Amino acid sequence: MTPIVRFSVLARVLHWLMAAMILGMLFVGVSMAATEGPAYATLVALHRPMGIAILLLACARLANRLLVPPPPLPAAMPLIQRIAAIGSHVVLYALMFAMPLVGWGMLSAGAYPVVLWGPVRLPPILPHDPALFAVLRHLHSWLAFTLFGVIVVHLGAALLHGLILRDGVFAAMASWRRGRRDIL
Amino acid sequence: MTEPKRGGGATGPVSLFDPGTMLRLGVIGAVMLGVVAAFAWSAGWLSPHRLTQARMMETLAAVDGIHPGFRRNHAKGVCVTGWFQGSGQAVPLSTAAVFRAERSAVVGRFALAGGMPFQADAPAKVRSMALRILPSDGAEWRMGINDIPVFVARSAREFRDLLLATRPDPATGKPDPARVGPFLAGHPEVARALGLVGARPVSSGFADDTYRSLDSFRFVNAQGVSTPVRWDMVPVQPFVPATAGTGRDYLFDDLLAVLRRHPLSWRLMVIVGAPSDPTADPTLPWPADRRQVEAGILTLDAAESEDGGACTGITYDPLVLPAGIVPSDDPIPAARSAAYMRSFTLRAGEAKPPSAITPATIAAEDRP
């Protein structure tokens with residue numbers, strides 16, 4: 001039996017923290033883009049600083065991913081599954097960066113001040129251009145739907161590994177038991 | 001929970017027809033479906049009767065027609081520029097830099113309420129002033145304020161229902177009494193607010209008009225004390241009662257003509273609310289004896305067409321507030337902020353025909 005090799009503690013902490021934040025952000029985003037109610041102000045005020053926090057965490061996570069390799073996939077995993085696993089993770093990483101950057105760029109192009117908290121503002125990262133604002137606003141939604149879809153598939157695949165295949169892939173990220181070996 | 005097990009079903013090919021496997025697949029499917037359903041519910045896709053931003057835009061289009069490239073409400077307007085000179089008197093109420101005794105640049109817009117960009121001017125139509133005030137520290141303040149004493153609805157839904165109830169009948173061009181009557185009977189607060197709006201003194205034009213925040217906000221000072229406020233822009237120009245005008249754009253033509261002769265000024269009067277004053281309901285006026293603070297003077301000295309003008313590529317989002325001004329429990333600014341973002345997304349992606357007031361209109365008026 002090959003023992004389970006887990007992701008590093010930092011990788012696991014970043015994964016679960018960001019999982020909660022990103023899923024929360026997707027729900028905050030889709031709610032605030034729909035509502036005409038008083039919650040809109042609160043949701044927008046939450047959405048901007050959370051987006052920037054996710055962008056910073058994504059930088060830390062990518063650096064950690066490049067410095068500390070993930071545990072190897074099970075040797076018996078078919079090629080098609082390997083391609084799906086690697087491909088979906090590339091998309092997840094790309095969208096972790098793209099979503100906050102498109103949001104920040106969209107507010108910049110629409111000449112909205114990018115207020116984080118009270119007097120703390122970020123500078124614009126794109127010139128004022130209403131047509132570009134419209135494009136980025138739509139792109140922000142479509143990337144969010146894509147990210148949500150990939151997360152749902154990711155969740156389904158993780159549960160498939162954990163509940164049915166039981167090949168250690170789920171435990172590599174989800175196990176916190178003492179005495180297991182971490183990568184490195 | 002996920003020890004890899006040798007033997008059992010885990011090493012060999014998994015049989016889909018094993019009852020345990022089918023149960024687990026069912027659980028996985030249910031979890032995925034549950035997350036998707038929660039997302040769809042949050043987006044309003046499962047609630048056809050919920051008032052979403054998209055449905056607010058559909059209502060405005062149904063009532064006012066489809067006018068690509070224009071704002072979905074307050075569609076007929078003109079850009080103006082000038083400055084705001086803070087007096088320093090509102091500094092004890094708010095830390096916002098605009099209130100210091102210094103000058104901030106202003107990009108503004110005068111408009112008529114309604115989503116029709118080519119509607120004919122008339123005395124009793126609601127006029128608005130929108131302002132983007134840019135102090136040197138960059139903490140800008142945006143507002144859209146109107147020449148009526150109170151707002152006409154207590155929520156976005158009530159406003160939407162009012163629009164639908166009072167939409168012009170295609171046959172007569174006027175609201176259908178058979179729709180308006182029952183709506184007002186069921187919404188006495190709206191009926192009372194419309195009564196106050198109808199009884200307001202109507203000025204001759206944009207220049208001698210008073211524009212009011214209608215909504216309540218809170219000013220926060222350096223000590224962290226939060227005060228409920230509303231505000232009025234009171235013209236320095238003397239009030240002249242309205243008379244019937246001639247020409248489709250007479251209100252705008254008059255504004256352009258007077259701005260060519262001299263700048264126009266308004267005093268920003270901050271109305272300091274008492275703790276008992278209603279902040280959550282903009283249809284309710286505050287008592288007339290509330291303390292007023294003259295926060296500064298707005299001066300506008302130039303106009304330009306919206307076509308290429310500085311007021312077109314932005315929204316006058318009432319939640320764009322500097323530190324020192326925060327929203328109150330009034331639900332309308334959030335509803336407007338949401339609707340303006342949606343309207344901006346639509347119009348900024350559309351090709352816009354020339355506005356009622358074009359650059360050529362303004363150039364022609366500039367010739368002696």
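The values are calculated or read from the model by the stated rules, or taken from the named source; none is laboratory data. Everything quoted here is computed from the prediction, not taken from an experiment. Every residue, glycine as well, gets a Cβ built from its backbone with ideal geometry; the counts of neighbours run over all protein chains shown.
Remarks
- Unique residue being without any contact (Cβ under 8 Å) to a residue 60 or more places away in the chain and of a type in the set (Val, Ile, Thr) when the list is A:Val115, A:Val120: A:Val120
- Flag if A:Ala98 is touching a residue at least 12 places away in the same chain (Cβ under 8 Å), closer than 14 Å to A:Ile22 by Cα and touching a Gly at 6+ places or on another chain (Cβ under 9 Å): no
- For the range A:152-171, the tally of residues that are more than 8 Å from every other protein chain (Cβ to nearest Cβ) and within 13 Å of the chain's Cα centre (by Cα) stands at 1.
- Selection count where residues are more than 24 Å from B:Gly82 (Cα to Cα) and among the aromatic types (Phe, Trp, Tyr), scope the range B:311-343: 0
- Condition check for B:Ala10: out of contact with any His (no Cβ under 8 Å at 6 or more places or on another chain), among the hydrophobic types (A, V, I, L, M, F, W, C), at pLDDT 95 or above and under 23 Å from A:Gly156 (Cα atoms): no
- Test for B:Val229: is it farther than 19 Å from B:His262 by Cβ and surrounded by 14 or more Cβ atoms within 10 Å (Cβ to Cβ): yes
- Failed condition for B:Leu298, given (1) within 14 Å of B:Arg142 (Cα to Cα); (2) in a loop (DSSP other than H, G, I, E, B): (2)
- Qualifying residue in the range B:181-201 (condition: among the basic types (Lys, Arg) and in contact with a Ser or Thr (Cβ under 6 Å, 6 or more places away or on another chain)): no
- Residues within the range B:344-367 that are small (Gly, Ala, Ser), away from every other protein chain (no Cβ under 14 Å) and in a loop (DSSP other than H, G, I, E, B), tallied: 2
- Pairs are defined by a Cβ separation below 9 Å, a sequence spacing of at least 6 or placement on different chains, a first member in the range B:41-52 that is more than 9 Å from every other protein chain (Cβ to nearest Cβ), and a second member that is of a type in the set (Ser, Thr, Tyr); the pairs so defined are B:Trp41/B:Ser47.
- Condition check for A:Ala134: within 13 Å of chain B (Cβ to nearest Cβ) and more than 16 Å from A:Met21 (Cβ to Cβ): yes
- Count of residues meeting criterion [touching a helix residue (DSSP H, G or I) at 6+ places or on another chain (Cβ under 7 Å), more than 18 Å from B:Gly144 (Cβ to Cβ) and among the charged types (D, E, K, R)] in the range B:339-368: 2
- Residue match in the range B:121-134 (condition: surrounded by fewer than 22 Cβ atoms within 10 Å (Cβ to Cβ), touching a helix residue (DSSP H, G or I) at 6+ places or on another chain (Cβ under 9 Å), within 21 Å of B:Tyr211 (Cα to Cα) and of a type in the set (Asp, Glu)): yes
- Residue among A:Val91, A:Val30, A:Val68 that is touching a residue at least 12 places away in the same chain (Cβ under 8 Å), under 29 Å from B:Arg50 (Cα atoms) and out of contact with any strand residue (DSSP E or B) (no Cβ under 9 Å at 6 or more places or on another chain): A:Val30
- Flag set for B:Arg267, criterion: buried (at least 16 other Cβ atoms within 10 Å of the Cβ), of a type in the set (Lys, Arg) and over 26 Å from B:Arg55 (Cβ atoms).
Condition check ((1) surrounded by 16 or more Cβ atoms within 10 Å (Cβ to Cβ); (2) closer than 19 Å to A:Leu147 by Cα; (3) small (Gly, Ala, Ser)) across all residues:
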| residue | (1), (2), (3) |
| --- | --- |
| A:Met25 | yes, yes, no |
| A:Ser31 | yes, yes, yes |
| A:Leu55 | yes, yes, no |
| A:Ala58 | yes, yes, yes |
| A:Leu62 | no, yes, no |
| A:Leu79 | no, no, no |
| A:Ser88 | no, yes, yes |
| A:Ala98 | yes, yes, yes |
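- The set of residues in the range B:214-251 being farther than 18 Å from B:Pro275 by Cα and in contact with a Lys or Arg (Cβ under 9 Å, 6 or more places away or on another chain) consists of B:Asp232, B:Met233, B:Val234, B:Pro235, B:Val236, B:Asp249, B:Leu251.
- Qualifying residue in the range B:175-197 (condition: surrounded by fewer than 17 Cβ atoms within 10 Å (Cβ to Cβ) and touching a Pro at 6+ places or on another chain (Cβ under 7 Å)): yes
- Boolean, B:Arg154 is surrounded by 20 or more Cβ atoms within 10 Å (Cβ to Cβ) and closer than 30 Å to B:Trp266 by Cα: yes
- Test: residue in the range B:203-212 that is of a type in the set (Val, Ile, Thr) and closer than 17 Å to B:Ala113 by Cβ: yes
- Residues located in the range B:99-116, provided they are part of a loop (DSSP other than H, G, I, E, B), within 28 Å of B:Gly324 (Cα to Cα) and among the aliphatic types (A, V, I, L, M): B:Ala101
- Scanning the range B:308-332 for residues that are more than 15 Å from A:Phe133 (Cβ to Cβ) and either in contact with a helix residue (DSSP H, G or I) (Cβ under 6 Å, 6 or more places away or on another chain) or within 7 Å of chain A (Cβ to nearest Cβ) (or both) gives B:Pro318, B:Leu319, B:Ala323, B:Pro327, B:Pro331.
- Among the residues of the range B:15-28, those that are more than 8 Å from chain A (Cβ to nearest Cβ) and either part of a helix (DSSP H, G or I) or surrounded by fewer than 12 Cβ atoms within 10 Å (Cβ to Cβ) (or both) comprise B:Ser15, B:Leu16, B:Phe17, B:Pro19, B:Gly20, B:Met22, B:Leu23, B:Gly26.
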